[in-house]
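Asks: Below is a structure I'd like to ask you about.
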Amino acid sequence: MGSIFMAFLIGGALCLIGQLIMDFTKPAVTPGHILVGYITAGAVLSGLGLYQPLVDIGGTGATIPLSGFGHLLTQGTLKAVEQKGILGALSGGAEAAAAGITAAIVFGYIIAVIFNPKG
Amino acid sequence: MNVPNPDKLKKIEIQEYDNLLQQIKPKPAIFTNCVWAFTVGGLICMLAQIIQNYLLSTGMSKIDASSITSVTMIFLGALFTGIGIYDELGKKAGAGTIVPITGFANAIVASAMEFKREGYVFGVGARLFSVAGPTLVFGFAVAVLIGLIKVFFTS
């Protein structure tokens with residue numbers, strides 16, 4: 001039960017930060033900027049070793065926000081670098097994120113074809 | 001001829017309305033926006049944690065459970081965007097629906113759906129990446145850079 005509550009708390013807090021950024025920079029920062037900003041910030045923080053502690057505390061509250069996706073890319077890259085050196089720097093991120101990216105492309109395409117926009 | 005100029009009246013009304021709006025609008029809007037973003041974003045992550053806990057309880061490895069959880073959330077985000085519910089929720093929840101990975105799926109489906117009239121290859125197929133593209137570009141660029149830094153410092 002504790003992990004579910006912590007996911008709510010950390011996940012909620014990360015979304016709250018995004019909302020504050022959007023509200024105070026209106027209309028310069030769009031949802032697209034938020035997505036790009038979060039994945040970049042997550043990847044950088046992960047490289048500095050600052051994101052893993054957040055994942056340990058918040059579970060999916062830290063991995064489901066897009067910053068968690070950046071964390072996944074960086075950790076995949078770093079692990080692959082240990083094994084394969086410079087080749088790993090290029091292959092590790094895509095390997096770690098393969099399931100998520102493929103799912104997003106395939107599900108996204110199918111659903112965009114089946115459904116039509118409202119209004 | 002005693003009637004005041006209607007244009008002038010209109011201008012004053014607009015001015016008054018703007019003043020009133022300036023006084024009333026900003027602060028409460030930001031506060032309610034934040035409550036919505038926190039609650040909805042938190043609930044989405046909570047749902048993911050419930051799914052992940054279930055997968056872990058079946059004896060699945062941590063990496064696989066985490067992957068399947070993300071894939072499930074991406075599917076749900078895409079599906080609810082298709083049905084039209086996700087964007088309705090997004091009007092109130094703002095970043096609460098953008099920041100989680102369901103928001104990434106939402107950005108993909110929403111922009112792809114809009115361009116169906118341009119065809120299924122260069123309409124849907126290309127617009128799928130109008131927001132997802134830049135996101136992946138920056139994510140990968142940073143990850144590779146960090147990887148190269150590590151290669152450089154360990155060799």
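The values are calculated or read from the model by the stated rules, or taken from the named source; none is laboratory data. These numbers were taken from a predicted model, which means no experiment stands behind them. Don't worry about glycine lacking a Cβ; one is built from the backbone with ideal geometry, like all the others, and counts go over all protein chains shown.
Asks: How about segment A:88-119: which of its residues are of a type outside the set (A, V, I, L, M) and more than 7 Å from every other protein chain (Cβ to nearest Cβ)?
Replies: A:S91, A:E95, A:T102, A:G119
Asks: Tell me whether segment B:65-82 contains one or more residues that are more than 22 Å from the chain's Cα centre (by Cα), over 22 Å from A:Y38 (Cα atoms) and at pLDDT 95 or above.
Replies: Checking segment B:65-82: at least one residue is more than 22 Å from the chain's Cα centre (by Cα), over 22 Å from A:Y38 (Cα atoms) and at pLDDT 95 or above.
Asks: Does A:A41 fit the bill of being at the interface with chain B (Cβ under 8 Å from one of its Cβ atoms) and modelled with pLDDT of 95 or more?
Replies: For A:A41, the condition - at the interface with chain B (Cβ under 8 Å from one of its Cβ atoms) and modelled with pLDDT of 95 or more - is not met.
Asks: Take the conditions crowded, with 16+ Cβ neighbours inside 10 Å, in contact (Cβ under 8 Å) with a residue 12 or more places away in the chain, assigned to a helix (DSSP H, G or I) and more than 7 Å from every other protein chain (Cβ to nearest Cβ) and apply them to A:L14. Does it pass?
Replies: No: the conditions fail for A:L14.
Asks: Same structure again: Criterion first (within 7 Å of another protein chain (Cβ to nearest Cβ) and not small (G, A, S)) does B:L145 satisfy it?
Replies: Spelling it out, it is not the case that B:L145 is within 7 Å of another protein chain (Cβ to nearest Cβ) and not small (G, A, S).
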